[in-house]
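Here the structure is laid out as structure tokens; the discussion comes afterwards.
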Amino acid sequence: MNKVVDLVKKVVDLVDNTKIYSILKATDLSYASQLSNITKNNIYFKREDQIPMHSFKLRGAHQKISRLSKEQIAKGIIASSAGNHAQGVAFSAKKLGINATIVMPFSAAQIKVKSVKSLGANVILHGSSFAEALEHAKKIEKERDLVFVHAFDDIEVVSGQATIGKELIEQLPEVDKIFIPVGGGGLISGIASYVKYHKPKVKIIGVEPEDCSTLYTSLEKKKRLALKEIGSFADGVAVSQIGEDAYEIAKELVEEVILVNNDEICAAVKYIYEDIRSISEPSGALSTAGMRKYINQHNIKNENLVSIISGSNVNFDLLRYISERANVGEQKEAMMAVTIDENAGSLLKFCKILNNNSITEFNYRFGSKDKARILVGISLSKGLEEKKILFDRINKHFDVLDMTDNAIAKNHIRHMVGGRCDVKNEVLYRFEFPEKPGALLNFLNKIGDKYNISLFHYRNQGGDFGRVLIGLQVDNIKKLEEKLDEIGYFYQNETDNKAYHYFL
């Protein structure tokens, strides 16, 4: 605990003597009127999307860089980042006239790579993940004797992010809870340090994606852990291990960590846009998704709640995916597989059962003479309660299977329905390919010519990784998966998935 006390005092002192306001001004605390009305609370958005480079990361980068000695400045700096920290370092280095090298993974969003280059930094693309880019950057640091500017595992960087906490309690002295996205932990540990030092009763709540739960898992296991696999949708928080100092602070000062799925994040992007007309990136909307979930879980009313909108560097191509999934995340759409008789009038009967629920999507192709299977999206106006009533009503007449949370149904099969096919020894795998040239060729070279591809579906969704569905004719699954492990791409065997059996 003494270590945490020392860290907190250092953060507070650095914040109170910061130089970051030479390049930026305090961001707004915007009242979210629509979300406030819906939830019966007073909800505010801390607008880090307003910062130059549209992300809070500039705060920590400039805090660190502005404190370098003349000797360190002469050496030049190096950093590694998937995007927002890279932009912050490049922006600060340009303002201060310092040579900067940034190592970014090949999977980094092009909008961020272009931005870093336009600021004059030397960009090196290396590796398929933040971890691989970081390792390469550390190697260059030693070879060229450069000064490393870490994205989160540095108390000076943490103190730069903590300036948000200072602004926040000045703008809203009577805040009850602050919801903060968690990646490497610099943001949450910084804000928690400053806010708790001055207002210990304020509750700090972290929010992470379900597939990137570094702080949640570490707190649960009571030690700082590295995740073996992490999701990439919210790329700004796609970090496998929280920083050392950040973890020490968080385990003492953070009350709770909420986990959210991709659909809930997409819904939060929509909430933010409808309230303040700003399009947040997935990691920027993370805290809003967690706040909405927390309110529902704990039935919170009449409190002053703040969500940190941490960034708005969203790929334009990703908006299609976000729009497609937002209604599911809001619990305003359900997806179902329904088995009906293959005869005239069956579809009419089904539509009559729906009553006032509108069809948002409909997929069907003739498959057999007796039974037809349809993949249907249905609009909901009252959430989960209405969904249960609707499913019960349909189930009295037809076999119905809930596909709302079925990943391959939402990502692939809705685009593929075209009749079932029986293929000998077929197995189905869901992959994430890095969005870079040669990813497919690398896959095909590794599996060789022993396996016939019987099904393939890929759809660009503007993210760091492409979601791919592949069917293969396989005699020995163990040998196949040994090959897949060598490739290093995320994969999941989906051969038993009901959506596959129903429609493909």
Self-check item: Relative contact order [Cα under 8 Å, 6+ residues apart], segment 278-422, whole percent
Solution: 24 percent
Quiz item: Looking at this model, which pairs from LYS57/LYS293; LYS139/LYS223; LYS114/LYS221 are more than 30 angstrom apart at the alpha-carbon?
Solution: LYS114/LYS221
Practice problem: Take the alpha-carbon centre of segment 44-90, take the same for segment 302-330, and report the distance between them in whole Å. | Solution: 24 Å
Practice problem: Identify all lysines with a Cα-Cα distance to LYS70 below 17 Å; exclude those on the same chain that are fewer than 8 residues away in sequence. | Solution: LYS19, LYS94, LYS95
Practice problem: Please name which of GLY185, GLY345, SER280 has its Cα lying farthest along the dipole of the chain towards the positive end, using unit charges on Cβ (Lys, Arg +1; Asp, Glu -1) and the Cα centre as origin. | Solution: SER280
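Given charges of +1 on the Cβ of Lys and Arg and -1 on the Cβ of Asp and Glu, with all other atoms neutral, how large is the dipole of segment 8-91 about its Cα centre, in debye to the nearest 20?
200 debye
With both bridge residues required to lie in the chain, what share of the DSSP beta bridges run antiparallel, to the nearest 5%?
On the way: 41 of 70 bridges.
Here the share of antiparallel DSSP bridges comes out near 60 percent.
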Practice problem: Run the quick spin-label model on LEU24 and ASP405: label points 7 Å from Cα toward the beta carbon, then report their separation in nm to one decimal. | Solution: 3.6 nm
Quiz item: Charges only on Cβ, +1 for Lys and Arg, -1 for Asp and Glu: so what's the dipole of the chain about the Cα centre, in debye to the nearest 20?
Solution: 580 debye
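Using a simple charge model, +1 on the beta-carbon of Lys and Arg, -1 on the beta-carbon of Asp and Glu, nothing else, what dipole does segment 286-441 show about its Cα centre, in debye to the nearest 20? Let's see the in-between values first.
Numbers: 23 positive and 19 negative charges, 46 e Å.
Using only the charged Cβ atoms, the result is roughly 220 debye.
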Self-check item: Dipole of segment 57-148, positive end: most advanced residue of ILE78, THR101, PHE91 [Cβ charges, Cα centre]
Solution: PHE91
Self-check item: Enclosed volume per residue, in Å³, of the convex hull spanned by Cα atoms of segment 331-405
Solution: 80 Å³
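Could you put SER213, SER240, SER307 in order, starting from the residue whose Cβ has the fewest other Cβ atoms within 10 Å? Please list the in-between numbers first.
On the way: SER213 20, SER240 17, SER307 30.
Least crowded to most crowded, the residues run SER240, SER213, SER307.
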Quiz item: Just going by the charge dipole of the chain, with Lys and Arg at +1 and Asp and Glu at -1 on Cβ, which of HIS136, PHE316, ILE265 is farthest out on the positive end?
Solution: PHE316
Practice problem: Tell me what the chain gives for mean residue ellipticity at 222 nm when only DSSP H runs of n ≥ 4 count, each as -39,500 (n - 2.57), the sum divided by the residue total, rounded to 500 deg cm²/dmol. | Solution: -13000 deg cm²/dmol
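Arranged by the count of other C-beta atoms within 10 angstrom, fewest first, what order do ILE378, ILE140, ILE191 take? Walk me through the numbers on the way to the answer.
Working: ILE378 23, ILE140 16, ILE191 30.
Ascending Cβ contact count within 10 Å gives the list ILE140, ILE378, ILE191.
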Self-check item: Rh by Kirkwood over Cα pairs, then Stokes-Einstein D for the chain at 0.890 mPa s and 25 °C, µm²/s
Solution: 101 µm²/s
Quiz item: So for ASP341, ASP449, fewest C-beta neighbours within 10 Å to most, what's the order?
Solution: ASP449, ASP341
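So what is the relative contact order for segment 420-503, in percent, with contacts set as C-alpha pairs under 8 Å and at least six apart? Walk me through the intermediate numbers first.
Working: 121 pairs, mean separation 36.3, N = 84.
With pairs under 8 Å counted, the relative contact order is 43 percent.
At a threshold of 8 angstrom on Cα-Cα distance, excluding pairs fewer than six apart, so keeping six or more, what relative contact order does the chain reach in percent? Don't skip to the answer; put the middle values down first.
Values: 1047 pairs, mean separation 66.4, N = 504.
With pairs under 8 Å counted, the relative contact order is 13 percent.
Every read-out reported here was derived from the displayed coordinates using simple, explicitly stated rules and does not represent laboratory data. Predicted model, so just to flag it, every value in this text is computed and none were measured. FYI the Cβ positions are ideal-geometry reconstructions off the backbone, even for glycines, and counts take in every protein chain you see.
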